[in-house]
Amino acid sequence: MPLVCTIFVVMKKAIVIGASSGIGMEVAKLLLSEGWSIGIAARRTELLQQLKQREPERVEVETIDVNSEEAEDLLLSLIAVVGGMDLFFYAPGIGHQNMELSADIEVSTVTTNALGFTRMIGVAYRYMASHGGGHIAAITSIAGTKGLGPAPSYSATKAFQNTYLQALEQQANTRGLKIKFTDVRPGFVGTALLNDGNKYPMLLKAEDVAYEIVEAVRKGEHIRVIDWRWRLITACWRRIPRWLWRRLPLKMTKKKTN
């Protein structure tokens, strides 16, 4: 039987960070349906407890703020309670349009999307390096393809995440570590992150995105851009020369309110 068909038989313990809503929650549900034991974490754990009540023997819950000093220890504790970690799935992130370049928005975005990301991915990587390997999958974004004027720190931190995962993948290969990586780059997804009153094109459903993520992990894909429309768009973006890109009027339009 091909490896791609047996990976979910071999890998049975997963940690999902950012599982309280949206894509993280949907991925956690899918993994449970696949027979995984999971550890789920987020800053708010009310919804996580509801999921644990459904499968108390296969779900462990921890409260983790990726920006806190205790985050690393709490993640290691969760891994221990679950009994190991074959898959680490990372979903947290923040993003705002910031045409006025407000300092607090820029700094908080970098803190969560760069520092928090690095902190948590680093814990997972070091654990897997010393425990025989595993699979790290993380939600980044198509926003990392090019610098987006309406959301400078968001697109910059997403590019950081893309590059960081690529660098770790190269390092793991150089060190002979059995760690796989999947960089998940969705387009706009209808979650609380985009509940800001703006109109976004080609919104994806969190359930559909989660299905593609689990499929990408199952197949061992290095990068998955979701969905096919965004794959075409980002392929075009990459070919736009810098002198033309900076002249494009990338502005989001506000929803009309009654």
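The values are calculated or read from the model by the stated rules, or taken from the named source; none is laboratory data. Predicted model, so just to flag it, every value in this text is computed and none were measured. Cβ coordinates were reconstructed from backbone atoms using ideal geometry, including for glycine residues, and neighbour counts include every protein chain displayed. Just so you know, the surface numbers come from the protein's heavy atoms only, side chains and all, with ligands and any DNA or RNA stripped out. Shrake-Rupley method; radii C 1.70, N 1.55, O 1.52, S 1.80 Å.
Need the failing condition index for MET252 against (1) hydrophobic (A, V, I, L, M, F, W, C); (2) open to solvent by 50 Å² or more (accessible area, probe 1.4 Å); (3) farther than 28 Å from LEU32 by Cα; (4) modelled with pLDDT of 95 or more, just the number.
Every condition holds for MET252 apart from (4).
Quick one: would you say ALA159 is under 26 Å from ALA206 (Cβ atoms), modelled with pLDDT of 95 or more and surrounded by 23 or more Cβ atoms within 10 Å (Cβ to Cβ)?
No, not satisfied.
Starting from residues that are without any contact (Cβ under 8 Å) to a residue 60 or more places away in the chain and polar (S, T, N, Q), keep the ones in the stretch 87-105 and report whichever is most open to solvent (accessible area, probe 1.4 Å).
SER102
Taking only pairs six or more apart or across chains, which ones have beta-carbon atoms under 9 Å, a first residue in the stretch 13-38 that is at pLDDT below 95, and a second residue that is in a loop (DSSP other than H, G, I, E, B) and polar (S, T, N, Q)?
SER20/THR45; SER21/THR191; GLY22/THR191; ILE23/THR191
Just name the residue that is surrounded by the most Cβ atoms within 10 Å (Cβ to Cβ) out of those in the stretch 117-148 that are of a type outside the set (A, V, I, L, M) and touching a Pro at 6+ places or on another chain (Cβ under 9 Å).
Among those residues, the one meeting the criterion is SER141.
Give ALA172, ALA206, ALA216, ALA210 a once-over and let me know the one that is closer than 30 Å to GLU34 by Cβ, open to solvent by less than 30 Å² (accessible area, probe 1.4 Å) and at pLDDT below 90.
ALA206
Exactly one condition in (1) more than 27 Å from LEU204 (Cβ to Cβ); (2) open to solvent by 20 Å² or more (accessible area, probe 1.4 Å); (3) not aliphatic (A, V, I, L, M) is false for GLN50; which is it?
(1)
Please find, within the stretch 62-73, the residue that is nearest to LEU115 (Cα to Cα) out of those that are modelled with pLDDT of 95 or more and surrounded by fewer than 16 Cβ atoms within 10 Å (Cβ to Cβ).
Residue satisfying both the conditions and the ranking: ASN67.
Working carefully through the options GLN161, GLN97, find the one that is touching a strand residue (DSSP E or B) at 6+ places or on another chain (Cβ under 8 Å), closer than 24 Å to TRP237 by Cβ and not in a helix (DSSP H, G or I).
Residue meeting the stated conditions: GLN97.
Any residue at all in the stretch 112-126 that is more than 17 Å from the chain's Cα centre (by Cα), closer than 30 Å to LEU248 by Cβ and without any contact (Cβ under 8 Å) to a residue 24 or more places away in the chain?
No: the stretch 112-126 contains no residue that is more than 17 Å from the chain's Cα centre (by Cα), closer than 30 Å to LEU248 by Cβ and without any contact (Cβ under 8 Å) to a residue 24 or more places away in the chain.
Identify, please: which residue in the stretch 127-152 is in a loop (DSSP other than H, G, I, E, B) and among the β-branched types (Val, Ile, Thr) and is, among those, farthest from the chain's Cα centre (by Cα)?
THR145
Could you tell me whether the stretch 106-116 includes any residue that is part of a loop (DSSP other than H, G, I, E, B) and either in contact with a Phe, Trp or Tyr (Cβ under 8 Å, 6 or more places away or on another chain) or crowded, with 19+ Cβ neighbours inside 10 Å (or both)?
The answer is no; no qualifying residue exists.
Can you tell me how many residues in the stretch 39-86 are without any contact (Cβ under 8 Å) to a residue 40 or more places away in the chain and under 22 Å from THR182 (Cβ atoms)?
2
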